[in-house]
């Protein structure tokens, strides 16, 4: 009788340990999958296979899912949609300084101007806090800037038709990042998603 009780306890213990381990494994893999969900989408969007079929890129120009990021708000996404959809109404001026850049981005259309001002303000705040939005279509240069955000000084002011930003750094490498990114933004302002697609294709080929 005593032997049977001990055997029963042992069987119960084995079942408990097995059940606990299986449950823990399920939670672990569920967490890992959700944690990497955005990262896998980001990689697929930037990969050759995810971007093109027969070298023809297919992009949803209405919903623009590529404007979604790791923690982007509806406001941030909507601002980007407006900017890309109405990019021909943007006037942008960039001056490369010895230690950084001065950019002025303006628009006569009120809705577009508000989107520009809102986007620039939110991005400056994100940069100062080191909160990379990891938007799927953003360039590697922007990722690099978020890695060195503590080395960047930013001044921002509104103009009659938009916003002006001065960004400087004492690190020559950071200055190169700032100037490269400013040129990328100017290209996107001039050509919209076409500039994004071309840049992403170049990135995947490198």
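Every number in this text was worked out from the coordinates using simple rules, so none of it is lab data. Here the structure is a predicted model, which is why all the values come from computation and not from measurement. Glycine gets a Cβ as well: all are built from the backbone with ideal geometry, and neighbour counts include every protein chain shown.
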19 Å reach of a label modelled at residue 121, 7 Å along Cα-to-Cβ, counting backbone N of segment 158-186: 158-167
Theoretical FRET efficiency, 1/(1+(r/R0)^6), r = Cβ-Cβ of residue 128 and residue 201, R0 41 Å, to 0.05: 0.80
Label zone at residue 108 (point 7 Å along Cα-to-Cβ), backbone N below 12 Å, segment 72-89: 89
Percent of Cα pairs exceeding the 11 Å cut-off, where the set is segment 133-173: 72
Segment 62-205: C-alpha pair distances exceeding 28 Å, %: 11
